[in-house]
Structure formats: C-alpha cells, structure tokens
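Notes for the one structure printed next.
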Amino acid sequence: MDTARHLADAPNEAGDYILDEQVGFLLRQAQQRHAGLFSECFGGDVTPTQWAVLAKLAEIGECSQNLLGRYTAMDVATIKGVVQRLLARRLVLRRRDPDDGRQLLISLSDEGRAAFEGHLANARKASDRTLSVLDERDRAVFLRCLRALR
C-alpha cells in the first residue's frame, strides 16, 4: 500500500495530534537532512560532533574538557569519546591544567588547525545547502528562532 493512500484511509485516533506538525518531529527531520548533507560535504572525514569540537577550539582556544563539552552541548561521556577520537587522529592536544590537576585542557594541534581550515568551506557548504530551501529573510528568522529555543 502506498503511503499517501494509507494516510488518507487511516482513521485518526490521535484526534488533532498530527505527528508531521510537531516541533520535535520536524526538528529531527531537519537534523537528519542536515546530517546527510554534512556527510556529503565532509566526505565522512569528520563527524558533526568532531567538527563542533574543532570549530569551538578554533574559536576560543584552549579550554577544559568539561567546559568544551558545555560549549558544544555534549554530555561528559560524549565529549570524552569525541576528544579521545580526535586525540587518536592527532587533531587535538590534551594536558593537565597546571592550576587544577583535576582538569584536562584541550587545544587544537597543528594538524587539527589544518583540518579545521581545510574543512571550513565544507562546513559553510553544509549549512548553505541545509538552508537552501529558504530565502535570505526566512533563513535569518529560522536561525533566530532556533537560537531562542536553545
């Protein structure tokens, strides 16, 4: 049975709750679209979470792993795994904070800076392709709304 006919024939037990109109579902679909475009643009070389770490370190410089996780919206386990993978690829450096031995400081290595600079055009392309269905005014409104939802 094709999807359109099935939807037209299906009884609506949910009343006025239509999944296709729900913010979480729409955000997930938009994120999936962006993830696919990101992968195409980056050729699988860097994941979105790895890119977020590289980009944030390029923006702010060295910082604690804990703070880096907060800046990139990653929980403790996720940022630890991302940093480990970037360390294995020699894209970041890690050292103990001399003022607080409990803290780990993370920074870009020379290879990491080169990777960031080499992929910057890909990141812009992924964002541009994601937003390509919107005109300039709608892009600004959409991004402003997303920032408000954070």
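Bear in mind these aren't lab numbers, they're just calculated from the coordinates by the rules spelled out. These numbers come from a predicted model, not from an experiment. Counting neighbours? That spans all protein chains shown, and the Cβs are built from the backbone with ideal geometry, glycine included.
Do the sum for the chain: with -39,500 (n - 2.57) for every DSSP H run of n ≥ 4, divided by all residues, what is the mean residue ellipticity at 222 nm, to the nearest 500 deg cm²/dmol?
Theoretical 222 nm ellipticity from helices: -20500 deg cm²/dmol.
Give, rounded to the nearest 20 debye, the magnitude of the charge dipole that the chain has about its Cα centre when Lys and Arg contribute +1 at Cβ and Asp and Glu contribute -1 at Cβ.
The dipole of the chain has a size of about 660 debye.
Quick check: the angle from helix 76-88's long axis to the longest principal axis of the chain, C-alpha only, nearest 10 degrees?
Tilt relative to the chain: about 60 degrees.
Hey, what angle do you get for helix 110-131 against the long axis of the chain, alpha-carbon based, 0 to 90 degrees rounded to 10?
For 110-131 against the chain, the angle is about 10 degrees.
If you average 1/r across every pair of different Cα atoms in the chain and take the reciprocal, what Kirkwood value do you get, in Å?
Numbers: mean 1/r = 0.0554 Å⁻¹.
It works out to 18.1 Å.
Once you keep just the Cα pairs under 8 angstrom separated by 6 or more residues, what percentage relative contact order results for the chain? Numbers along the way, then the final one.
Values: 116 pairs, mean separation 34.6, N = 150.
Once divided by the residue count of the chain, the mean separation gives 23 percent.
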